[in-house]
Amino acid sequence: MSTMQETHGHSEACCNVPPVVSKGYKEKGSYEEFDVTGPQDATKGIVIIYDIFGLPFEQTLQGADILATSDEHTKYKVFIPDWFKGEPCPIEWYPPNTEQKQKDLGAFFGKYPPPSIAKQVPDYVKALGEKNPSIKSWGLFGFCWGGKVVSLVTSASSNPFTIAGCAHPAMVEPKDAKGIKIPYIMLASGEEPVDKVMQFEEDLEMPKHVEIFKDQIHGWMAARADLSKEHVKEEYTRGYKTVLGFFGKNWS
C-alpha cells in the first residue's frame, strides 16, 4: 500500500488536530440548507458525503470541524448536504444480522442508490459556488455509502472537484479508479475487501494515498466511531490528520 508519513513536510505543520471529544461534542458549524462549518473567508471548500446514517452524529460533525479548523496554512469551509431529507437509515439496522434488517437496508439503498446522488453533486457544488464566491476550488470526501458516491462523481467527465477521498468506502470497485484524474486518498477499514482496495490503488494514476486501518471497523471515522475506546479515538484522529496532510500537500 502507498504510505505517507504523518510528519511528511507540510502535513506535520498543518495537522494541528484538537483533542477529540468522546461524548457530548458541540459542533462549531450551523445548519442552513446544509450543515456548514469553517471560516467565512476560506478560499477552498470541502463537500462531505456522509454515510447512510446521516446527521446529526457527533462523530461526523466533529470530523467536519477538524477538517475546517486544523490546517494552520489553509482555510477550508466544509459543507454537509442532507441527501436523505431528514430520513436517514436508522443506525440500529447495522450490522444487518437479521432478515428484516437486510430487507430494510436493501430498500434504503434502493431508494438512495449512489449513482442517482452522484449525478446531483456537480449541480449542487455549482450552486454552492454561486452562494460562496470566495471559494475558488473544491474538494470532496465521503464515508461508507458516501465513499461510493465520491468515486462515481470524481471518475465522471463532469467532475468539478480538484481533490477527493473517502474513508471506509462501501462498494469498492477498482474500475472507478481508472477514471479518477485528481489526487485521491482512500482510508479503508479492516472490513473492506483487501483485494479490491489494492486494485483500486493500483489503478489510480494521480497522486494517491491508500491505507488500510486493519483493526478498525467499517465506519470508524464517522457515525459508527466509538470514541470512548482510546485506540479508536487515536485512529480516528490519525485518520483525519492523514486526510488533512494529503489535502495540504496535493491540493493545488
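Summary of computed values
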| item | result |
| --- | --- |
| Helices (runs of 4 or more DSSP H) completely within region 143-252 that count 2 or more residues being without any contact (Cβ under 8 Å) to a residue 12 or more places away in the chain and over 24 Å from Ser116 (Cβ atoms) | 230-250 |
| Ser134 being assigned to a helix (DSSP H, G or I), among the hydroxyl-bearing types (Ser, Thr, Tyr) and surrounded by 13 or more Cβ atoms within 10 Å (Cβ to Cβ) | no |
| Counted residues, region 106-130 - those being aliphatic (A, V, I, L, M), touching a residue at least 40 places away in the same chain (Cβ under 8 Å) and closer than 23 Å to Tyr94 by Cα | 1 |
| Filter result for the condition that a residue is under 20 Å from Asn250 (Cβ atoms) and buried (at least 16 other Cβ atoms within 10 Å of the Cβ), over Phe108, Phe161 | Phe161 |
| Output for region 200-232, where each listed residue is surrounded by fewer than 18 Cβ atoms within 10 Å (Cβ to Cβ) and of a type outside the set (A, V, I, L, M) | Glu202, Asp203, Glu205, Pro207, Lys214, Asp215, Asp226, Ser228, Lys229, Glu230, His231 |
| Residues of region 13-58 that turn out to be within 25 Å of Gly110 (Cα to Cα) and modelled with pLDDT of 75 or more, as a count | 9 |
| Count - residues of region 171-199 that are surrounded by 21 or more Cβ atoms within 10 Å (Cβ to Cβ) and touching a Lys or Arg at 6+ places or on another chain (Cβ under 6 Å) | 2 |
| Filter result (in contact with a His (Cβ under 8 Å, 6 or more places away or on another chain) and more than 23 Å from Asn132 (Cβ to Cβ)) within region 52-95 | none |
| Only listed residue being within 18 Å of the chain's Cα centre (by Cα) and in a loop (DSSP other than H, G, I, E, B), chosen from Asp41, Asp51 | Asp51 |
| Given (1) modelled with pLDDT of 90 or more; (2) outside any loop (DSSP other than H, G, I, E, B), index of the condition Leu61 fails | (1) |
| Selected residue (only one of Thr242, Thr237 is within 15 Å of the chain's Cα centre (by Cα), closer than 15 Å to Lys23 by Cα and either of a type in the set (Val, Ile, Thr) or surrounded by fewer than 22 Cβ atoms within 10 Å (Cβ to Cβ) (or both)) | Thr237 |
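Yes/no matrix, rows are residues, columns are (1) within 25 Å of Leu55 (Cβ to Cβ); (2) among the hydroxyl-bearing types (Ser, Thr, Tyr):
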residue: Ala177; (1), (2): no, no
residue: Ile182; (1), (2): no, no
residue: Phe200; (1), (2): no, no
residue: Met221; (1), (2): yes, no
residue: Tyr240; (1), (2): yes, yes
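The values are calculated or read from the model by the stated rules, or taken from the named source; none is laboratory data. Keep in mind the model is a prediction, meaning the values are calculated, not measured. Ideal geometry is used to build each Cβ from the backbone, glycine not excepted, and the neighbour counts take in all protein chains shown.
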